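Everything on this sheet refers to the single structure shown next.
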Amino acid sequence: MQNKIPIFLSSDNNYAPLIATTIASICDHTQSFCEFYVLDSGISLINKQKIAALSQKFNNFSIEYILIDSDKYFKNFRDIRYLGLATYNRLLIADLKPSLNKIIYLDTDIIVLEDIQKLYNENLNGKSLGAVWETWLNLDSRVKRNKQLGLPNEYKYFNAGILLIDCTKWRTTKINDRLFEIEKLYRNKLQAADQDVLNLYYCNEGYKILPLRYNWPTKYSKTISGEPAIIHYLGKNKPWFVHPNIPEKQNLQITTYKNVFWHYAKMTEFYETLIEQTKYKSLGDLLLFRVHSLINNKYNEQPSKI
């Protein structure tokens, strides 16, 4: 059994509170020691100290920050809307820590609900990557996106928010070099930045499809069934926009699993700051949001690009 689990996260200063919340959820459920490596795109010292304060509650983790100069590595890459160049950081993981053979990569808009060891122990069956196929999208959306990228209609496009990576295979087969070549070749067609790049590569190489429970999309929770192991707050509307005192509403996606997020946010030094920054502080605010959501329903039905 693996005693230490290497887990990579990526963040700038704005997402530091989410790093802390994600780490809290992992440590609360995991018995093994977690080695967190944060791809750092500008996290302040004070925020690093607040994240480190989690050691007052948990003793099963360490954190190492790896400073990433996105402008250096991704100088000519296309900056797609709200994603920013830092989203490409995950492409560097295998080369950043040559001593690591297998790692987990997690986005920051996730909450873990069970021992992360279970995900780490998933057998990749000889593949260099494990990910969750976006089975939650309807057929028309899948075909449209695959067509935009020139992928076969039947290709099972995956979400890159939760990845299990065989770093040894990445290094020995020089996957990073190929990924950078693909980005340059498809730069003007990319809609979801590095997620598209990864899918363009693995369309030919193949990847291990992980169970849906390891990447449970709250945005589509009405159309899927089962028990989530890792909640992924997909889409533009996040639970930290909503004050913790507002109850979850069954017909309002933005509140789906909101209470779980706030449960772990409360374990961090960022709790009060997150509350102050909520956009919807009352039920009235939330109802107004609901009206706006209905008006913009056509937009909300578009495929997620996280």
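Summary of values
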| item | result |
| --- | --- |
| Distance in nm between pseudo-label sites at Ser32 and Leu67 (7 Å out along the Cβ direction from Cα) | 3.1 |
| Charge-dipole axis of the chain as Lys and Arg at +1 and Asp and Glu at -1 on Cβ define it, positive-most pick from Ser55, Thr278, Leu139 | Leu139 |
| 5 angstrom amide H check on Leu129, placed H, neighbours 5+ away | Asp166, Lys208 |
| Highest to lowest packing among 122-135, 104-117, scored as the average C-beta count within 10 Å | 104-117, 122-135 |
| Charged-residue dipole, Cβ positions (Lys, Arg, Asp, Glu), the chain about Cα centre, Debye nearest 20 | 700 |
| Segment 81-120 shape via C-alpha gyration tensor axes, a/c threshold 1.5 | oblate |
| Positive-end extreme of charge dipole, the chain - chosen from His29, Thr87, Leu200 (charges on Cβ) | Leu200 |
| Distant-in-sequence amide H partners of Ile5 (H built 1.01 Å from N, under 5 Å) | Phe33, Cys34, Glu35 |
| Exceeding the 30 Å Cα-Cα cut-off - candidates Lys72/Lys156; Lys156/Lys266; Lys57/Lys238 | Lys72/Lys156; Lys156/Lys266 |
| For segment 89-105, Karplus couplings with θ = phi - 60° (6.51, -1.76, 1.60), whole Hz, Gly/Pro x | 3, 5, 5, 8, 3, 4, 8, 6, 10, x, 7, 8, 9, 8, 9, 10, 10 |
| Over the chain, relative contact order from alpha-carbon pairs under 8 Å, at least 6 apart, % | 20 |
| Å² per residue, accessible surface of the chain at 1.4 Å | 47 |
| Ordering of 159-169, 44-54, 261-271 by packing [mean C-beta count within 10 Å, highest first] | 159-169, 261-271, 44-54 |
| Proximal charge balance of Ser62 [Cβ under 14 Å; K/R count +1, D/E count -1] | +1 |
| For segment 69-221: rounded, prolate or oblate by the Cα gyration tensor [a/c cutoff 1.5] | rounded |
| Prolate/oblate/rounded label for segment 162-226 (Cα gyration tensor, a/c 1.5) | oblate |
| Segment Asn251-Asn60, length gained on full extension (0.36 nm per residue, minus Cα span) | 65.0 nm |
| Note, ³J(HN,Hα) from phi for segment 216-230, Karplus 6.51, -1.76, 1.60, rounded to Hz, x at Gly and Pro | 8, x, 4, 4, 10, 5, 6, 9, 10, 9, x, 10, x, 9, 9 |
| Kyte-Doolittle at least 1.0, axis length at least 15 Å by Cα - qualifying DSSP helices, the chain | 16-29, 283-295 |
| Solvent-accessible area, 1.4 Å probe, carbon plus sulfur percent, for segment 13-80 | 44 |
| Within the accessible area of segment 109-160 (1.4 Å probe), percent carbon and sulfur | 48 |
| FRET E, pair Tyr186, Asn14, Förster distance 22 Å, beta-carbon r, rounded to 0.05 | 0.20 |
| Segment 79-128, dipole about Cα centre (Lys/Arg Cβ +1, Asp/Glu Cβ -1), debye to the nearest 20 | 200 |
| Accessible-area composition of segment 161-296, carbon plus sulfur, in percent [1.4 Å probe] | 50 |
| Förster radius 35 Å - calculated FRET efficiency between Leu287 and Glu227 (Cβ-Cβ, nearest 0.05) | 0.70 |
| Peptide ranges 216-228, 188-200, 57-69 listed from the most packed, as the mean C-beta count within 10 angstrom indicates | 188-200, 216-228, 57-69 |
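The values are calculated or read from the model by the stated rules, or taken from the named source; none is laboratory data. Predicted, not measured: the structure shown is a model, and the values here were computed from it. Every residue, glycine as well, gets a Cβ built from its backbone with ideal geometry; the counts of neighbours run over all protein chains shown. Note: accessible area is taken over every heavy atom of the protein model, side chains too, but ligands, DNA and RNA are not part of it. Shrake-Rupley method; radii C 1.70, N 1.55, O 1.52, S 1.80 Å.
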